[in-house]
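Structure first, commentary second.
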Amino acid sequence: MFYSGLTLKITQIPVKTASADYRVYVGRELFPLLARRVVMKSGRRVFVLTSPEIWALWGRRLLASFPRKAQPTVLFLAAGEPHKRMAEVERLAGELAAAGADRSSLLIAFGGGIVGDLGGFLAAIYMRGIEYVQAPTTLLAQVDSSVGGKTGVNLVAGKNLIGSFHHPSAVFADLAVLQTLPERELRAGLFESVKAGIIRDAALFRFMEKNAAKILARDADALGRVIAASIRMKAEVVGIDERESGLRMILNFGHTLGHAIEAATGYRRLLHGEAIAWGMLAALRIALQRGTVTEAQSARMEQTIAAYGPLPHFRASVEKLLDAAGRDKKNRAGMRRFVLPKGIGDAVVVEDVTDGELADAAGWVLERAR
Ligand SMILES: NC(=O)c1ccc[n+]([C@@H]2O[C@H](COP(=O)([O-])OP(=O)(O)OC[C@H]3O[C@@H](n4cnc5c(N)ncnc54)[C@H](O)[C@@H]3O)[C@@H](O)[C@H]2O)c1
Ligand SMILES: [Zn+2]
């Protein structure tokens, strides 16, 4: 759906699940739309959760979109995965209470996936739940984490082990804020879009296969198309299977070994999307051996992943990766669930991938990642 104004072209993508019904807006310069949306209910307090880096770049512009009498109160979360913790949720809840936030207040999560995940969780539990909107500022957060309602924080025992499903009432994926996103973060997010194409949208895959240069140059039309298609794919999957009891599992393509690589390298060497790219290459290997993809299809997918690289190299042992994959919370005891592409644009979830197959794929990736 397109609305054409003088300078604005905004795509709206509906998300309809068993428990929620909202829209994702994709376009340039969405702050005025966001401000209009959240101050509609007069008298309600609006809060922004962000990180100091993002606020320094975009805070002034965001505030300028709000009427002088309805300026939001700004709360900060320091950047980085170590801050995605319960202790920060408690501190921020205390700040909300001190500033007079009540059940009718609204929170804007303005940042990358960390701000979005923690902000969504804070909104889910503050006074048993308040309304929030997502204003994702990284590509990864726009195409993946801000849509679907998963919120949460990390424990020492593992990532995202505490959380809840709490959907935002709207998502504003603004292409303008991506201008300041570091190149490596952009590439990392694009791997999740390549994933979206491989598992469910052959046209998106072909578009990304042919237009890597334009997309990486942040051409607004090309990047906007990739973002909208990725969100549409996720919205559709989440609409069918909100709680990940079936179809939603396909979104984990590349994530079994990807998570293992992140864990084995201490979450420092690789960005999430980069680890997932290596994980997709490993999964392609298993798919090729099982015959769910052909040589030619596998080669095209490998080349397209490579086009959004370079992928940082790393070292680990097969044992360490298998060990880390075994602890992946997505596995049921004794069964290794795995997502395999079926050609390009479709995927299957299998329950019987053996340690041998996984070791072979892990070894193949480790050889290339050295
Ligand atoms: N809820 C979900 O469904 C879901 C899905 C995927 C990932 N996640 C979570 O998302 C998190 C990762 O998110 P991320 O990749 O966005 O990382 P992030 O939030 O750490 O952001 C990456 C970096 O980019 C900076 N940044 C953000 N926007 C910027 C901008 N516009 N200009 C300049 N710098 C900017 C941030 O300050 C940060 O340093 C992880 O915690 C992961 O678990 C959640
Ligand atoms: Zn991911």
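The values are calculated or read from the model by the stated rules, or taken from the named source; none is laboratory data. Values in this document were obtained by computation on a predicted structure and should not be read as measured data. Quick reminder, even Gly has a Cβ in these numbers, built from the backbone with ideal geometry, and neighbours come from all protein chains shown. Calculation scope for accessible area: heavy atoms of the full protein, side chains included, ligands and nucleic acids excluded. Shrake-Rupley method; radii C 1.70, N 1.55, O 1.52, S 1.80 Å.
Quick check on L75: is it without any contact (Cβ under 8 Å) to a residue 40 or more places away in the chain, open to solvent by less than 30 Å² (accessible area, probe 1.4 Å), away from ligand 2 (no atom under 16 Å from the Cβ) and outside any helix (DSSP H, G or I)? It is true that L75 is without any contact (Cβ under 8 Å) to a residue 40 or more places away in the chain, open to solvent by less than 30 Å² (accessible area, probe 1.4 Å), away from ligand 2 (no atom under 16 Å from the Cβ) and outside any helix (DSSP H, G or I). Being in contact with a Pro (Cβ under 8 Å, 6 or more places away or on another chain), among the basic types (K, R) and either open to solvent by 10 Å² or more (accessible area, probe 1.4 Å) or within 12 Å of ligand 1 (Cβ to nearest atom) (or both) is the requirement here; does R248 meet it? No; evaluated as a whole, the condition is false for this residue. State whether one or more residues within segment 97-113 are in a helix (DSSP H, G or I) and away from ligand 1 (no atom under 13 Å from the Cβ). The answer is yes; a qualifying residue exists.
Restricting segment 144-162 to residues that are in contact with a Gly (Cβ under 6 Å, 6 or more places away or on another chain) and at negative phi, the residue that is farthest from ligand 1 (Cβ to nearest atom) is I162. Each residue in segment 251-269 was checked for being of a type in the set (A, V, I, L, M, F, W, C) and open to solvent by less than 10 Å² (accessible area, probe 1.4 Å), and 4 of them qualify. Among residues of segment 113-131 being in contact with a Lys or Arg (Cβ under 7 Å, 6 or more places away or on another chain) and under 18 Å from G149 (Cβ atoms), the one that is surrounded by the fewest Cβ atoms within 10 Å (Cβ to Cβ) is I130. Pairs linking a residue in segment 101-119 that is in contact (Cβ under 8 Å) with a residue 40 or more places away in the chain and more than 11 Å from P136 (Cα to Cα) to a residue that is among the acidic types (D, E) and open to solvent by 10 Å² or more (accessible area, probe 1.4 Å), with Cβ atoms under 6 Å and 6 or more positions apart or on different chains, are L106/E131. Would you check which residues across segment 168-188 are within 10 Å of ligand 1 (Cβ to nearest atom), in contact (Cβ under 8 Å) with a residue 40 or more places away in the chain and within 15 Å of G112 (Cβ to Cβ) and list them? D174, V177, L178, T180, L181, R184, E185, L186, A188 - these are the residues of segment 168-188 that are within 10 Å of ligand 1 (Cβ to nearest atom), in contact (Cβ under 8 Å) with a residue 40 or more places away in the chain and within 15 Å of G112 (Cβ to Cβ).
Exactly one residue among F165, F191 is away from ligand 2 (no atom under 15 Å from the Cβ), over 25 Å from L62 (Cβ atoms), touching a residue at least 60 places away in the same chain (Cβ under 8 Å) and not polar (S, T, N, Q), and that residue is F165.
Here is a yes/no grid of residues against (1) more than 16 Å from ligand 2 (Cβ to nearest atom); (2) within 18 Å of M127 (Cβ to Cβ); (3) of a type in the set (G, A, S); (4) buried (at least 20 other Cβ atoms within 10 Å of the Cβ):
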position: L62; (1), (2), (3), (4): yes, no, no, yes
position: S65; (1), (2), (3), (4): yes, no, yes, no
position: Q71; (1), (2), (3), (4): yes, no, no, no
position: P82; (1), (2), (3), (4): yes, no, no, no
position: A87; (1), (2), (3), (4): yes, no, yes, no
position: L92; (1), (2), (3), (4): yes, yes, no, yes
position: L96; (1), (2), (3), (4): yes, yes, no, yes
position: G100; (1), (2), (3), (4): yes, yes, yes, no
position: G111; (1), (2), (3), (4): yes, no, yes, yes
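Considered as a group, the residues in segment 43-60 that are open to solvent by 30 Å² or more (accessible area, probe 1.4 Å) and not in a helix (DSSP H, G or I) include one that is modelled with the highest pLDDT, and that residue is R45. Among the residues here, L140 does not qualify as more than 16 Å from ligand 2 (Cβ to nearest atom) and in a helix (DSSP H, G or I). Scanning segment 200-222 finds no residues that are free of Cβ contacts under 8 Å to residues at least 12 places away in the same chain and within 16 Å of the chain's Cα centre (by Cα).
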